1. Per residue, how much accessible area does the protein assembly as shown show when a 1.4 Å probe rolls over the protein heavy atoms, in square angstrom?
2. For an R0 of 35 angstrom, estimate the FRET efficiency from the Cβ-Cβ distance between residue B:59 and residue A:115 and round to the nearest 0.05.
3. Can you pull the percent of segment B:4-109's accessible area that's carbon plus sulfur, 1.4 Å probe, other chains left in place?
4. For the protein assembly as shown, give the magnitude of the charge dipole about the Cα centre (Cβ charges: +1 Lys/Arg, -1 Asp/Glu; no others), in debye to the nearest 20.
5. Residue A:69: net charge of surrounding residues, Cβ under 14 Å, Lys/Arg +1, Asp/Glu -1, itself excluded?
6. Counting only protein heavy atoms and rolling a 1.4 Å probe, how much accessible area do A and B lose on contact, total for both sides, in Å² to 100?
7. What is the set of long-range amide H partners of residue A:68 at a cut-off below 5 Å, with H atoms built 1.01 Å from backbone N?
8. Starting from the 7 Å offset along Cα-to-Cβ, what nm value, one decimal, do you get for the label separation of residue A:51 and residue A:85?
Amino acid sequence: EAGVAQSPRYKIIEKRQSVAFWCNPISGHATLYWYQQILGQGPKLLIQFQNNGVVDDSQLPKDRFSAERLKGVDSTLKIQPAKLEDSAVYLCASSLPGGQVVTQYFGPGTRLTVL
Amino acid sequence: QQPVQSPQAVILREGEDAVINCSSSKALYSVHWYRQKHGEAPVFLMILLKGGEQKGHDKISASFNEKKQQSSLYLTASQLSYSGTYFCGTTLNSGYALNFGKGTSLLVTP
């Protein structure tokens, strides 16, 4: 079974530029999460989708971050404009539908460096 | 609310045991344990639900003390492959995303 796919794996941009990350979850997983992991810390949830609807985006900095999951499968996370403090690994995870205790499976992440 | 993990770091010799703790100030619904190696994605280890159950997975096991709102991860007879950073992720209710601790760095030496 294929795991969670993410691209690109690495991205270097200058501050004030924009960047987009892509995630393809495990087939059949209706729930998709984006996490931000700053060096030396645990992952922090940015947004959670159930199919193509947003379940939780309370920690998403909406003035610069946006995310969508148009057809309930793939998702993109965008940052515009980027700040130095956005340098982190952006992890995508997926799981079976919510309402149960389910395992979240993580992708390899995208390492973003903002100069 | 972010769970608190302890210790922050531990160094073991191969074959030694270790315990990693994860504590919360709020009542938890579930605790999820992950291991992450440098530059890689977190890998799922196990889930514990409220009710104080204990789970085992090879030489890695975990418990959840509902009274203390604390979960402990036990690594026995550690192997070199156990090295990495261990994270606990907690939920306050079913269907919620995980709230991760800051992690415990574990290094197993020959």
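1. Values: 11100 Å² over 225 residues.
Result: 49 Å² of accessible area for each residue.
2. Values: r = 44 Å, r/R0 = 1.25.
After rounding to 0.05, the efficiency reads 0.20.
3. Working: 2500 of 5090 Å².
Of the solvent-accessible surface of segment B:4-109, carbon and sulfur hold 49 percent.
4. Once rounded to the nearest 20, the dipole reads 400 debye.
5. Numbers: positive: A:71, A:78; negative: A:56, A:57, A:68, A:74.
Charge balance near residue A:69 sits at -2.
6. Details: alone 6420 and 6200 Å², together 11100 Å².
Answer for the A-B pair: about 1500 Å² buried.
7. For residue A:68, whose amide H was placed from the backbone, the distant partners under 5 Å are A:76.
8. For residue A:51 paired with residue A:85, the spin-label model returns 3.7 nm.
The values are calculated or read from the model by the stated rules, or taken from the named source; none is laboratory data. In this text the structure is predicted, and so the values were computed from the model without any measurement. Reconstructed Cβ throughout: ideal geometry from the backbone, glycine too, with neighbour counts over all protein chains shown. Ligands, DNA and RNA are stripped out before the accessible areas are found, and what is left, the full protein with its side chains, is counted by its heavy atoms. Shrake-Rupley method; radii C 1.70, N 1.55, O 1.52, S 1.80 Å.
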